[in-house]
Each structure stands twice: as structure tokens, then as C-alpha cells.
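Below is one structure, written out as C-alpha cells; comments come after it.
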């Protein structure tokens, strides 16, 4: 048997090489066991905290489920979340920290267009970003690694308003006039632009078109002026506190158009549904998910049960239809992309998400070149049969009837507005 | 130390900071340092009127936002580079400071403070209704990821903010040691006595308001390029005002060094807390520190250090405390 004899130098070299190789192997094994970090800034305090906290709970439920099932690619999932205080000035620093210090593998965004300050850092690092509840940000950046989970589709202004106007124009007799009113703020101005486009397309005469300052608390002068124009349709684009004020004032002054509603932010929140109760009957607004018989997405009910069980303890939206379910689905998209591409290579993930359709708890999602849903899916709903102020009634079908799009329609528009209210009382 | 030596030293410190930023591979620290330096400029600018003259200005956000929006508008209109936008924003805010001073500086104490707060409301209403800069919807300001010489655009913004911080601190120190500064101190100690002694009170106060506004506006000019998206609600955040008042009060208002110490201390603390613990505690910490310093150390950290050296603290050197004392006296 021949023995290998090594001279001193070769022996040392070989020993060192073996040690280095062993070290690398150990590092690789350790890295494989490292958690997959998903980082995001979120509005956990400040004016947008209501949705931010609900979003965080939705993300935590997904991470908990995935980790129980063994993680992604055998690695546990770790959420790294920072509070940006609803302050865009803190967003660039937070995303830089996530990328440069925490070395996260995947990125989610915060809610709303306050994502924008993070975009230059994300683009510079060539990273994938899954955006949430932002409207048309990528029209500015045109970044292929940006995706957005809210179902606006390629034209958000159109999808927010089309359902209201398509139903209104189908009434008999056909309406001829419309009044537009909204807050002087980003979202509502976009919605009002969409409403103007719809009015022009359908040949409606705009008899009132005004915005009010976001700090307005007394809506009587606004709605009285609007009422004086006797419009057939009243389209409102409002934020949560305005929504409550406008609906209450409309009842007080007996505003009775044929259709009343629009893009009213707040009607999606459990707290406002509960607060307004029967005052919501007859109002047309938008939703992204609602438990109607025509909307059956696999897994949504189980996810929402888990969310609703925890919501009271965390002090967030009791129903979770608007934000948490969509955050959960955003993470489902990321999770599937990681599993199918076998890692966290950003370019592979971006390509995979662009090329595939994802089955999520909020339905099938296919992203277009701009990162928005290829097919918009904003539901136009009409509140019906609301009795009292019990929030649990909104977990039952028939309380928010889907009137648009036709694929998910669960009922027809009841008009005029007074009839819709009276029907509810019977 | 002579002014010349101080300027040389300040430039050296600034150059060292910029040099260090070029070697930092982790960009987060450059972001954090930009945040702190921005407050060094704002706190120093506030102190020129608030600390040296004793006029508590709650209109920091107005000046910052005028600088921010003028830069954003001019960039949209003429695509001007930031080094050109900064002096334009400074001139504009200097003029606004002068005008604000002319209209309000005859007021004293809380009346002046309320007037400056009203300025923020007026400017915010104007910006919210100015469609060219996006109105209430906001405006995107696109910037490249990289830039020649500096590489990263964030490093470039950090360089510009360092230059502004050095300029603000040098200006504050030069004012403090000048006849102009002595005149301001005389006004702070007793305005009537100063006027009786021949100090041109109104002229000095107007110059101080203009200089203070100029630096606040210049600090706002690079901000749209840092954020890339500006909208009125966050641009007029009360946090800018609270911090720019708290930082000099914590550091000490009678010297140029006080705002620098306060900005570095509070700014760094806020950055650390944003990522270490729930940042809702941020402003609470600022508020608690403010209360502690107003009660226990009215002359700030600098005052504490001096009192350790045997000098007696003067509670009325703190502009907030002085304002409250003056109000109490006038109501008696």
C-alpha cells in the first residue's frame, strides 16, 4: 500500500485549503439555515396607523402559517418591520436600513403613495418591491421590479368610478345630471378626475364640481349648495372622517338624488360600518373583497377567521376585508415566487412574477408590465338591509350587494336612493 | 479663536465628514447623517432669531416648505441643478423672513409665536391650492441613482447638506461675536433698554429674521430630491418645528454650539429609536427632554457645563422660559 507523504509546504497548503473549504461549507450551511427576511416600513403610528397595524397583522398571520409549514425552501420566514410614523421623510432611511444593515431578502412597501420615497433606493439596489395600496406610482418610475397588490388595474381612476356610473346610466329614466364633490387631497382628486371622464363619456351634465379642504368638519354648506343644483347623481370622493360627516349631513338635509355614493374611503372599515349602521343603506361605494355568494376565493374565509380572532386583541379593523387580506395575498405571491425560482435572486423573482398567474386568497392575480393587475377588479357595492350597528352583520352576505363588475354581480342597483333606504327598513 | 481660524476649522470638519461618507459602503449611515445635518441647519437657523434675539419662531415648517417647493417648482420648470436651487430658495425665504418680520416682529412673546404659527397655515393653504406643484396631490421629483464624482446621489445630497451646515454654523458664530450679535443679545436681555441705548432694534430683528429664514429655506431645497415625492401634509409636518425648537433648547441657545449639540444628540437619538424601538416614542422623548431641560437646565447642556464651572444659570436665557415669565409679569 502506497502512503502519501507530503512535504512541509504542501502539507500546510493542503491543510489551509481544507480549512477554508470547511469554513465555506459551514457558512453555506449556516446561510441555508438563516431565515428569509422580509422587510418593510409601515405606518404603525400617525394618521395612517389604522391600516398600517391591520396590514402588519395580515403579514404576521402569513408568516406564522408558512413557518408552521416548514418555511420557504426549508428556511423560516422573519418579518423585519419599522414604524415610519406615516412620515414620508423617514421612508428613505428605513429602506436603506433594511437593505444595507438588515440585509433583507424581500421587500414589501408601506401603504399608500408614501411608498414613493423608497423607490430610488430600491431601484438603485435593483430590488423587487411588492407595493401596497398605492395609486399609479410606477407611471413615474417605470421600474420593472415594482408590483402593486390593490386591484386598480392599469387605469385606477377608471376602475374606481366605472361601477358607479355604469349602473347609474342603466337606470330608467336615464339620468342627465351629476354633482361631483370631494376632499382636496390626492386620492379623492384622482377619483374626481375619473368621475369627470365617466360623465363626459356617458354624456352627463356636471352641475356641481367642487372640492373641500381636508380639514372640513361641517358639510352642511357644501351639501346644501350641491342640493340646490338638484342633480340626478351625487358622486362623492371622500376620506374616512369626511365620509361619516357627509353621510350624516346628507340624511339631515334630506338629500335625495337617484344615486348617492362614489369613491368613499371609510365605508370599507369595520369601525365606520359599525358607526354609521343603517345610515349606510342605499349608498354606493367601492370594496375590494366582500363575503357575497358570487365571491368565492379559496382560503379567504380561513384567513379572515384567523385575522378576526386576533383583531380585537391588537385593536385593529375587526373585519379585515380591505387591507389585511391583500397584504396576505402579496406575501403569497412572494412566497410562491421564492419557492418556484428556488431562491431570492431578485431578477429571477421579478421575471417569475411578471410571467405567471398567482392563486391567492383574494383570487387569481396576473401582473401587467407596469406592475398593476392586468384586469382591474374594484367592486362597486350598494349597502342594503343594514339593521342597527352590529358589526357582525357585515360578515353575512346581502349587506353589501355587488353591482359591478358583471362577473361578480350579486344584485341590481336599487334606485332612487330613497327607495333603497326604504327597502332596507322593510 | 478668530473667525478666520474658526471658518478654517469648520471647513476641515465638513471636509472630513464628506471624506468619511465617501468611504462608507453602508448607505444607511449616510441617510442618517443627512437627517442629523438637516437639523443642524434648521436648529442653528432657528437659534439666530429664537436664541440670540429671544423671539420664539414656530414657523420653521413654513420656511422649510417654501425652500422645498420653490426648488421642486424651479426644477420642474427649468430643470436647474440643486447648487443653483439652494441660493434661490435661500433668497426667497430670506425675503419671506424679512416680510414676516416687518409684519409681525413688533409683536412680542406669545403673540409673535402665534403669528409665526399662522404663517405655516397660510403657506400650507397656498401650496395645497397651487396645482403646478401638484397641490394636495403632491409632486414627484425624479433623480438619478448615480452622479459623477460622488457616485451615489445620496452621497451628493449629503455633501450639499454638509456645506449648508458648515455655512449655517459659521454664520451663527460670526453673528454671535459681532457688534450685530451684541445688539441682538441686548434686545434679548431687555428690548426697551436696548432701544434706549441706541440699538436699532427693529432693523436688527429684521436682519435676524431674514438670515434665519434664509438658512431654513436652503435646508429645504435639497429635500425634494431626497424624498422624490412631496405633498403638503408631510411637508408641513409639525415635527420639523418641534425639533428645530427643541434642539437649541436642549443644547443651549446662547451659543452657536448649543443647536449643534442638540441636533446631533436628538437627531441621532430619533434615528436610533426609529429602527430600535417603536418610533411613536420619538416625539415623546423630544417632549420629555424639552420639559426636563426647561425646568432643570434652562440654559441647556452648555448651561449645565458652565454651571459646573461655577457660573450661575440664567433661567431667562431660555427663550421659552423668558417668554412665559414675560407673559406672567405682563398679566400681573
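Some observations on this one:
- Matching helices (runs of 4 or more DSSP H) fully within the stretch A:121-214 where at least 2 residues are without any contact (Cβ under 8 Å) to a residue 24 or more places away in the chain, assigned by TED's automatic domain parsing to the domain that holds residue A:263 and in contact with a strand residue (DSSP E or B) (Cβ under 9 Å, 6 or more places away or on another chain): A:186-202
- Here the stretch B:122-152 is the region considered, the condition is being over 26 Å from residue B:60 (Cβ atoms), facing another protein chain (nearest Cβ under 8 Å) and touching a residue at least 12 places away in the same chain (Cβ under 8 Å), and the residue that is surrounded by the most Cβ atoms within 10 Å (Cβ to Cβ) is B:152.
- Just one of the listed residues (A:363, A:411, A:388) is over 24 Å from the mean Cα position of the chain (by Cα) and closer than 13 Å to residue A:295 by Cβ, namely A:411.
- Some residue of the stretch B:229-245 being over 30 Å from residue A:103 (Cβ atoms), more than 14 Å from chain A (Cβ to nearest Cβ) and either modelled with pLDDT of 85 or more or in a helix (DSSP H, G or I) (or both): yes
- Conditions (1) within 19 Å of residue B:167 (Cβ to Cβ); (2) within 14 Å of chain A (Cβ to nearest Cβ): number failed by residue B:47: (2)
The rows are residues; the columns are (1) more than 14 Å from chain A (Cβ to nearest Cβ); (2) part of a helix (DSSP H, G or I); (3) in contact (Cβ under 8 Å) with a residue 60 or more places away in the chain.
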site	(1), (2), (3)
B:15	yes, yes, no
B:21	no, yes, yes
B:38	no, yes, yes
B:66	yes, yes, yes
B:114	yes, yes, no
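- Per-region count, the stretch A:111-139, residues at positive phi, surrounded by fewer than 24 Cβ atoms within 10 Å (Cβ to Cβ) and modelled with pLDDT under 85: 2
- Qualifying residue in the stretch B:271-294 (condition: part of a helix (DSSP H, G or I), within 14 Å of another protein chain (Cβ to nearest Cβ), under 30 Å from residue B:6 (Cα atoms) and under 20 Å from the mean Cα position of the chain (by Cα)): yes
- Yes/no for residue A:98 being more than 14 Å from the chain's Cα centre (by Cα) and within 14 Å of chain B (Cβ to nearest Cβ): yes
- Tally, over the stretch A:372-396, of residues that are surrounded by fewer than 16 Cβ atoms within 10 Å (Cβ to Cβ), modelled with pLDDT of 95 or more and farther than 16 Å from residue A:362 by Cα: 0
- Residue count for the stretch A:290-317, restricted to those that are farther than 19 Å from residue A:63 by Cα, assigned by TED's automatic domain parsing to the domain that holds residue A:79 and under 16 Å from the mean Cα position of the chain (by Cα): 1
- Only one entry of A:55, A:69, A:49 meets the criterion of being touching a strand residue (DSSP E or B) at 6+ places or on another chain (Cβ under 8 Å) and either buried (at least 24 other Cβ atoms within 10 Å of the Cβ) or assigned by TED's automatic domain parsing to the domain that holds residue A:346 (or both), and that entry is A:55.
- Sole exception among (1) touching a strand residue (DSSP E or B) at 6+ places or on another chain (Cβ under 8 Å); (2) within 14 Å of chain B (Cβ to nearest Cβ); (3) more than 22 Å from residue A:350 (Cβ to Cβ) for residue A:85, by number: (1)
- In the set (1) touching a helix residue (DSSP H, G or I) at 6+ places or on another chain (Cβ under 7 Å); (2) buried (at least 19 other Cβ atoms within 10 Å of the Cβ); (3) in contact (Cβ under 8 Å) with a residue 40 or more places away in the chain, the condition left unmet by residue A:272 is number (3).
- Residue match in the stretch A:242-260 (condition: out of contact with any helix residue (DSSP H, G or I) (no Cβ under 9 Å at 6 or more places or on another chain) and either surrounded by fewer than 24 Cβ atoms within 10 Å (Cβ to Cβ) or within 25 Å of residue A:190 (Cα to Cα) (or both)): yes
- For residue B:202: the one exception among (1) in contact (Cβ under 8 Å) with a residue 60 or more places away in the chain; (2) within 27 Å of residue B:258 (Cα to Cα); (3) within 21 Å of the chain's Cα centre (by Cα): (3)
- Lone unmet requirement of (1) within 12 Å of chain A (Cβ to nearest Cβ); (2) without any contact (Cβ under 8 Å) to a residue 12 or more places away in the chain for residue B:192: (1)
The values are calculated or read from the model by the stated rules, or taken from the named source; none is laboratory data. Just so you know, these numbers come straight off a predicted model, no measurement behind them. Note that we place each Cβ from the backbone using ideal geometry, even for glycine, and neighbour counts take in every protein chain shown.
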